[in-house]
Amino acid sequence: MKSHQTTQTMKPATAAKKLGVYLEATPAEFQEGVVTRAELNALQADPPQWLVDLRRNGPHPRPVVAVKLGVSISGLARGGVTEALTTEQIDALKNDSPEWLQRERATQAEVRKEAVRIKEKNAERADQSRQPRS
């Protein structure tokens, strides 16, 4: 008996998220269809020009904008950034360095420091629990 393997598909929104692009900026045929796992892998391995251009120039989805600015997605919202931004707009924000961006970057730096501290503390605890007791 032969097992029938179905092709794994995903919605365009899921595929756009995995590709790190803003769905509304993708071509209509991408937005309207479904994307197979094989198609997604092909797009990642050999991106077409529209994907290369989107990744370079945007508009970028908020998670990508947050990374490029060095802040959290919540920090973007607190700063009033709720829409996708182009690379040019992101660069302009970096150059202008508004107060909210400076504050959110500092907050993000503190969060990262705390995460490292907790990770080190947990590793230390794990090392101590592995050591034989005398």
### Summary
How many residues of region 95-107 are surrounded by 12 or more Cβ atoms within 10 Å (Cβ to Cβ) and among the charged types (D, E, K, R)? The answer is 3
#### Entry: Test result for Ser129, over 18 Å from the mean Cα position of the chain (by Cα) and part of a helix (DSSP H, G or I)
yes
### Message
List the residue pairs whose Cβ atoms are under 7 Å apart, where the first residue sits in region 70-85 and is outside any loop (DSSP other than H, G, I, E, B), the second is hydroxyl-bearing (Ser, Thr, Tyr), and the two are 6 or more positions apart or on different chains.
### Response
Gly75/Thr107
### Query
Across region 27-76, what is the total count of residues that are among the aliphatic types (A, V, I, L, M) and touching a helix residue (DSSP H, G or I) at 6+ places or on another chain (Cβ under 8 Å)?
12
### Message
Here's a check for you: in region 15-45, which residue that is polar (S, T, N, Q) and open to solvent by less than 60 Å² (accessible area, probe 1.4 Å) is nearest to the chain's Cα centre (by Cα)?
### Response
Thr26
#### Entry: Hey, Gln128 at pLDDT below 90, open to solvent by 80 Å² or more (accessible area, probe 1.4 Å) and out of contact with any helix residue (DSSP H, G or I) (no Cβ under 8 Å at 6 or more places or on another chain) or not
yes
### Message
Looking at region 1-33 only, could you name the residues that are farther than 21 Å from Thr82 by Cβ, in a loop (DSSP other than H, G, I, E, B) and modelled with pLDDT of 90 or more?
### Response
Lys11, Pro27
#### Entry: Evaluation of Glu99 against (1) touching a Gly at 6+ places or on another chain (Cβ under 6 Å); (2) free of Cβ contacts under 8 Å to residues at least 24 places away in the same chain (one fails), failing number
(1)
#### Entry: In region 46-60, the residues that are surrounded by 18 or more Cβ atoms within 10 Å (Cβ to Cβ) and out of contact with any His (no Cβ under 9 Å at 6 or more places or on another chain)
Leu51, Gly58, Pro59, His60
### Query
Just checking, how many residues over region 49-69 are of a type outside the set (A, V, I, L, M, F, W, C) and in a helix (DSSP H, G or I)?
8
### Query
Between a first residue in region 51-65 that is on the phi < 0 side of the Ramachandran plot and a second residue that is open to solvent by less than 20 Å² (accessible area, probe 1.4 Å) and in a helix (DSSP H, G or I), which pairs have beta carbons less than 6 Å apart while being 6 or more apart in sequence or on different chains?
Arg62/Leu76
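The values are calculated or read from the model by the stated rules, or taken from the named source; none is laboratory data. Everything numeric in this text was worked out from a predicted model, so none of it was measured. Quick reminder, even Gly has a Cβ in these numbers, built from the backbone with ideal geometry, and neighbours come from all protein chains shown. Heavy atoms of the whole protein, side chains included, go into the accessibility calculation; ligands, DNA and RNA do not. Shrake-Rupley method; radii C 1.70, N 1.55, O 1.52, S 1.80 Å.
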